[in-house]
1. For segment 148-276, rounded, prolate or oblate, judged on the Cα gyration tensor with a ≥ b ≥ c (square roots of eigenvalues), a/c < 1.5 rounded, else prolate if a/b > b/c?
2. What is the packing order of peptides 159-170, 254-265, taking the mean over residues of other C-beta atoms within 10 Å and listing the highest first?
3. Using Cα positions and a limit of under 22 Å, work out the lysines in reach of LYS243, with same-chain residues fewer than 8 apart set aside.
4. Using packing as a proxy for protection, rank 133-145, 283-295 so that the peptide with the highest average count of other Cβ atoms within 10 Å comes first.
5. Measuring from centroid to centroid over Cα atoms, what is the spacing of segment 253-316 and segment 114-137 in Å?
6. Starting from segment 98-134, pick out the chymotrypsin sites (Phe, Trp or Tyr not before Pro) whose DSSP state is loop and whose Cβ has at most 14 other Cβ atoms within 10 Å.
7. Please list the radius of gyration and Dmax for segment 115-206, considering alpha-carbon atoms only, with Å as the unit.
Amino acid sequence: MHDRHDHAGRSQNGPLRRRPWGDREPDLPGQAPNAGNTRRNRGRLLGLPRCRRLQLAAQARVELRWAGVRHGVDELDRRQLRSRRLDVRNHRVATSLRYPVVLLDVGGTLIGPRGSFGEVYAQVFSEFGVRCDSERFNTAVYATWDEMNRSIPTGTDRYAHFDDGEHGYWRRFAQRAVELATGELIGDRLAAAGLKRLQQRFGSVDAWHVFEDTLPALETLRRRGVRLAVVSNWDSRLPDVLKTLSLDGWFDTVVVSHFEGVEKPNAAIFHRALERMGAVSADVLHVGDSPELDGAGAAAAGVDWIWVDRHNSANDKAIPDLSRLPAIVEHGL
């Protein structure tokens, strides 16, 4: 038969059985104790001898120290405690979100070129005596991109497709863009010199524009406990680009196609992102600007996705920017 206790904790079927903290719950870690709930008053209310009260107090200090809180904590301890509380709060918030993990494309989603690609190409090659207006160069750059895409099997690493790797891909790209823009062929030497300058330009903070809605969206998502990762078709320079733009600190992991040997829409690059985030596909949302790459790849991996179309605000199948993303992450599509 279970012992029955009255409100004072006395057993009606046996000797007095006292709980260490009386009938009141102990203070939560970091919570200021009230006058009627301190360790000293607990002991007095229980009528325990002083030696027993000291024993309980020592036990309490051990328990509180284990929880990360102790009397006389220094400023570092306070910062650690605040961080711990924030982590716990974010975890509780994240568990109520429809998508606690969000994967993000970079180009066209988080950042874009400052000006046009054609402007950069026109400025760089003018240094080597190649004259062409920026609009023609811009058209040539996009046409070259389409040609190169058609020449490489979908979902494979475009840079590994050539014997000379990443450098060889971009040298051929620059040569073809100049040819389409000017009608003239340039040699490998001039193409290599132009490529070096192009990479310097596109590696600088002046070459890229962080969309004005990007940082507010990332900040809101992180504040709500959402875990973020990048999944991008990019070359080896992406980590440096993100660092240059002060975006690298927002993400738990950055999955770059060139390092992985696969590109979107190959589902493998999404699976690797999920593995590194310790997430299952049902809890993940991917955000990107390409239905062919982001949409098809996410679908192949069993991940929901949202289309960001910054060029057509009337597109009712997409969102025009990231301002609505936190609400979608919280409530679902």
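1. Working: a/c = 2.71, a/b = 1.60, b/c = 1.70.
Because a/c hits 1.5 or more and a/b fails to exceed b/c, segment 148-276 counts as oblate.
2. Values: 159-170: 15.2, 254-265: 21.0.
Ranked from most to least packed, the peptides come out as 254-265, 159-170.
3. Cross-link targets: LYS196.
4. Numbers: 133-145: 17.3, 283-295: 21.5.
With the highest mean Cβ count within 10 Å placed first, the list reads 283-295, 133-145.
5. 32
6. On the way: sites: PHE117, TYR121, PHE125, PHE128; in loops: PHE128.
Loop-located and lightly packed - PHE128.
7. Cα-based Rg and Dmax for segment 115-206 come out at 12.7, 37 Å.
Values in this text are rule-based calculations from the coordinates and carry no lab data. Bear in mind that the values here come from a model prediction, so they are computed numbers and not experimental data. Don't worry about glycine lacking a Cβ; one is built from the backbone with ideal geometry, like all the others, and counts go over all protein chains shown.
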